[in-house]
1. Hey, could you check segment 230-256 for residues that are surrounded by fewer than 17 Cβ atoms within 10 Å (Cβ to Cβ) and assigned to a loop (DSSP other than H, G, I, E, B) and say which is nearest to the ligand (Cβ to nearest atom)?
2. Can you tell me which of ARG78, ARG64, ARG93, ARG115 is modelled with pLDDT of 95 or more and under 20 Å from the mean Cα position of the chain (by Cα)?
3. Which one of these does TYR114 not meet: (1) more than 16 Å from the ligand (Cβ to nearest atom); (2) among the aromatic types (Phe, Trp, Tyr); (3) touching a helix residue (DSSP H, G or I) at 6+ places or on another chain (Cβ under 7 Å)?
4. Would you list the strands (runs of 3 or more DSSP E) that sit entirely within segment 1-98 and hold 1 or more residues that are buried (at least 19 other Cβ atoms within 10 Å of the Cβ) and of a type in the set (A, V, I, L, M)?
5. Would you tally the residues in segment 123-158 being touching a residue at least 40 places away in the same chain (Cβ under 8 Å), of a type outside the set (S, T, N, Q), within 11 Å of the ligand (Cβ to nearest atom) and within 16 Å of VAL6 (Cβ to Cβ)?
6. Say whether the condition of being buried (at least 21 other Cβ atoms within 10 Å of the Cβ), of a type in the set (A, V, I, L, M, F, W, C) and either at pLDDT below 95 or farther than 22 Å from THR238 by Cα (or both) is met by at least one residue in segment 125-140.
7. Take segment 6-42 and flag every residue that is away from the ligand (no atom under 13 Å from the Cβ), closer than 18 Å to GLY70 by Cα and hydrophobic (A, V, I, L, M, F, W, C).
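The values are calculated or read from the model by the stated rules, or taken from the named source; none is laboratory data. From a predicted model like this one, the values you see are computed outputs, not experimental measurements. Virtual Cβ from ideal backbone geometry, glycine too; neighbours counted across all protein chains shown.
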Amino acid sequence: MSLLVVGSIALDTIETPFDRADQVAGGSAVYISASASYFTAPIKLVGVVGSDFPKSELDFLESRGIDLAGLQVIEGGRTFHWSGRYHYDLNERDTLDTQLNVFENFNPVLPDSYRNSNYLILGNIDPVLQLRVIDSLAQKPTLTVCDTMNFWITGKNKELMETLKRVDVLIVNDSEARLLTSEPNLVKAARKIMKLGPPIVIIKKGEHGALLFTGDTIFSAPAYPLEFIYDPTGAGDTFAGGFIGHLARTEDLSDHNLKKGVVFGSVMASFGVGKFGTEALKNLSDIDIHRRYRDFVELSKFDE
Ligand code: AMP
């Protein structure tokens, strides 16, 4: 078993109503692989950074057992930069700035040792590149999960439609699901997304949890009611990393296990938002994760 993660690698500037952090490591590939590393190995990362990306952050990823053979470091180049500001309602944020930098000419090239990966997660990047990665694999993976965002839904819609035909699971948030389908009702939106390709759809609703749609079944997982949310950046990617990490570890794609994957995703997101950037994903233990998983079970358990 091996998990291939492709996505953005970023230096983010984040403002919340309570604090601010400049140039912290982030990006979909970083959050996904750090989160998944608590469940499965090996993880093979594909992405691009400039020479300004801190070595300590690459050391952290390596210390989590993440293979960086597919990481391109562009000498003299600047890493992708994203800047966002959260409102008092932390489900709401404005993008202040997006500088593609080295990401603009990124061509994901898979080292030979990556081509047989059987779990693939396509983090939020240009759908053209997502498709190129699918086409570079030696065989169809057991499971392909895809994430995307407004930027690509509006900017590269035709290309995204091609990618969706080739993936098993789409993970999006509620506003992205509505934008993608022009359908305000999330149940109907999920059904429409299934018709576009992926037989499994997950719709995240921020602090209101996540919905899993498979066939005719709907599963609703709560979000953990935290007293303090420090930084929601990357919560969606951290969720996705926990979800695919659990599935890759257990190699069981039953509906029952997909539901557990959604809860493990929610567990990881609940930790991730506790500090700026990836800080909260640096020192978790299996005990922390399993305790919080039990808390989730208790949170929504009731007698028939
Ligand atoms: P999330 O909070 O799950 O939406 O993920 C936030 C991460 O997405 C940040 O670390 C950003 O660097 C990254 N990001 C923001 N915009 C883009 C984009 N257009 N393409 C790829 N990654 C992005």
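1. LEU253
2. None of the others qualify; the one that does is ARG64.
3. Failed condition: (3).
4. Ranges flagged: 3-6, 10-15, 20-26, 43-50, 66-74.
5. Qualifying residue count, segment 123-158: 4.
6. yes
7. Across segment 6-42, the qualifying residues are ALA36, ALA41.
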